[in-house]
Every structure is written in C-alpha cells, then in structure tokens.
Amino acid sequence: MPDTSQPALPEETTRSRKAEHLRINVERDVESKGLGSGFDDYALVHQALPELDLRDIDTSTRMFGRDLAAPLLISCMTGGTREAIRINQTLARVAQTHRLAMGLGSGRALLESPELLESFDVRELAPDVLLLANLGAVQLNKGYTADDCRRLVEMVRADALVLHLNALQEALQPEGDTCFRGLLDRIAAVCRRLEFPVIVKEVGWGIAPDAVRALFDAGVAAIDLAGAGGTSWSEVERHRIAEPWRARVAAAFAGWGIPSAECLRRAREVAPTETIVASGGIRTGLDVVKALAMGADLVGIAGPFLRAADNGCDAALDLAREFIEVLRVAMFCLGTRSLSDLRTPPRPILAAR
C-alpha cells in the first residue's frame, strides 16, 4: 500500500485531474508544436511486381500469449471517471472485434478508490485481447509496491503491467510527483517480483538509447518508446494551469522530446532483439507501416482512437478497419507477405526522403 508518511493527494483530486485530462484531450489542440513524429522523413518503396496475392497477406502477430489480428495497440488513455466508462467500453469493443491490444489509463485512482473499477474493468467486453494495466512509475517512489502492482493487474484482469514515465508532466503539474531518484532500481525490483510482463513506456517525449538499454537490463519485458510528435502532455497541462507565468513555462516545452521515428531507429541499435512498441504521433496507416518496417513489434495509437471513441463506437470501429486495411494493402504493394518479411532487413521497403 502507499506510504502514508508521504503527504497524499485527496482521492477526489486524482479523479478530477483525470476528468480534466480527458476533456482537454478531446476538446483542445494538444499536439506538439514545431516537432513532428519524423515518419514523414521516410518513404515506402513501391514494388510494382509484388509476386503475391493480396489474399495471402498476413498481418497477424502474437505477444505475451495473446494472438493479435494486427500489431496495433490502442494505447493507455483513461480511467477513473464517469466519461471514461463510455470511452473504455467503446475501445474494448473495438479491440475485441478486431483482435487488437488495448491499454488502460493510469490505475492510481483505482488503487486509491476501488469503487472506480467500473471505469477500468473491460475484460468482459474484451475477453480475448492483450490487455495492459497501467501505473505511473514514479508511484514506486511514493510507497507503491510490487504487491500493489499485482493487485492492480488482478483487479482489471490484465495480461501485463505498464509503468509509465512522465517526468516532464509531473514537473509542470502544481501537484506533481517529481522524485524520480532511484526509480530504475525500483523498476528492476518490481520486475523480479512480478510473475507477469512489465512494460515501461513514456507518455510522449521518447526514451533515449541509454535509458532503453538500462531498462531492458533491469528486466522489463518491453518498452513503449512513445516519442514526440503526437499529443504533448505539456500542452495538456498548459490548458489546466490558471497562473499565466506557469502556463508560459509549460508552453516552452511544446516542441520538447525525441521524434518517434528517430527514437525507434536509435532504440533498435541498442536493443536489436528485444520487444519494442512504437508510439507517439502515429496518425495514419502508413505511419504504422513505416514504424513496423523500422523494427517495431507493436504500434501504439492513442489520440485518434480517443477522438473516434468520443464520436461513438461506429467511428472507432471504422478507424481500426482503416488502419488494418492500409497495413494490409501496403504490405502487398511492398511485396511483403508477413510482418516478419516487413521487418527483415535488408529488404528495400523504406527510404529517406
């Protein structure tokens, strides 16, 4: 359980902050400014003679014991509020229908207030999907233990746990938790004690190669790089801040981070065989293809699915269909029958513009 010797936020504060985050992400422009994901810097090389039948294209993959129809993750987004119930249930139906992976929003609010389980618990709607629980890694420095992590995963019946890194976001929040000292050792200790996979992810500013290598050496099962170029949580926090000078501090970081494509390329250099999720600014099906061609095992998408889910289940289902079909057609036009073919160098499927 959390260390009660630390000053704790009231439960309602955590919940209201989550509600604000959801509203701002849906209603405001929170994209990074002046910094793209970097995938536009690469072009896919068309194969005029693919020597394949489109019907033979196989987009399926397997991860952490679950079969996926496509290597797509509906990334960790929300939970803990009434509106999150509708969003998460919609996304769970999409994940189950199309056999995609799904991540839940931060479970801190759930650990504080178990009565919020309804806004997180989607397993009945998505019995077959790879489901990821989620907790801020910094909470390990606030008294949360491996037992708390296990309890969270059991409560939502997840297959794995995501520990998210959000140092910049915490630094900008007036109520932020900013003690990241010694966190790598705590992550390593949790990985040793837990019997399910632990994934570490950023929230949109990327993970540099030295940290990628250190995290894998610490025992994490996968890393979600979550590079820059998509939703900027400094921009989200800017919209929450009432004091003008503090808002200007947040605005200074609108273009902060490592672009997603560069983040992925460099991560693969130091971790050639480990499981890597590419996310951050993935906005089109061709972004997905490029990320896979650069070595991603799974590609995470958050903002587009959140906005689609806000418009209803049909919109979210159609978005998933779009991503999967663009992937399938692109693989055909690249002459790659399987994801293994797509990822295997030196096939000339990707070129710098």
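Can you tell me the convex hull volume per residue for the chain, based on C-alpha atoms, in Å³ to the nearest whole number?
Value for the chain: 125 Å³ per residue.
For the chain, what does the helix formula give at 222 nm: sum of -39500 (n - 2.57) over DSSP H segments with n ≥ 4, over the residue count, nearest 500 deg cm²/dmol?
Here the helix-only value at 222 nm equals -12500 deg cm²/dmol.
Using Cα positions and a limit of under 22 Å, work out the lysines in reach of Lys18, with same-chain residues fewer than 8 apart set aside.
Of all the lysines, those that pass the test against Lys18 - Cα under 22 Å, at least 8 places apart if same chain - are Lys142, Lys201.
Quote the charge dipole size of the chain about the Cα centre in Debye, to the nearest 20; the model charges only the Cβ of Lys and Arg (+1) and of Asp and Glu (-1). Intermediate results must be reported in sequence, preceding the final value.
Details: 41 positive and 48 negative charges, 72 e Å.
Rounded to the nearest 20 debye, it is 340 debye.
Please give the helix 11-27 orientation as an angle from the longest Cα principal axis of the chain, in degrees from 0 to 90, rounded to the nearest 10.
Taking the Cα atoms of the chain, the angle to 11-27 is about 40 degrees.
If you fit an axis through the alpha-carbon atoms of helix 260-270 and take the longest principal axis of the Cα set of the chain, what angle between them do you get, 0 to 90°, nearest 10?
80
In percent, what relative contact order does the stretch 11-352 have, based on Cα pairs under 8 Å that are 6 or more apart in sequence?
24
Using a 7 Å offset from Cα along Cα-Cβ at Arg86, what residues in the stretch 285-312 end up with backbone N under 12 Å from the label point?
Backbone N within reach: 309-312.
Run through all the Cα pairs of the stretch 304-353 and give the fraction in each 5 Å bin from 0, expressed as whole percent.
Once binned at 5 Å, the Cα pair distances of the stretch 304-353 give 5, 19, 20, 15, 13, 12, 12, 5, 0.
Nearest 10 degrees is fine. How inclined is helix 183-193 to the longest principal axis of the chain, computing both from alpha carbons?
80
Only the coordinates and a few stated rules stand behind these numbers; no lab work does. Please read these numbers as outputs of a predicted model, since none were measured by experiment. Neighbour counts are summed over all protein chains in view; Cβ atoms, including those assigned to glycine, are modelled from backbone coordinates with ideal geometry.
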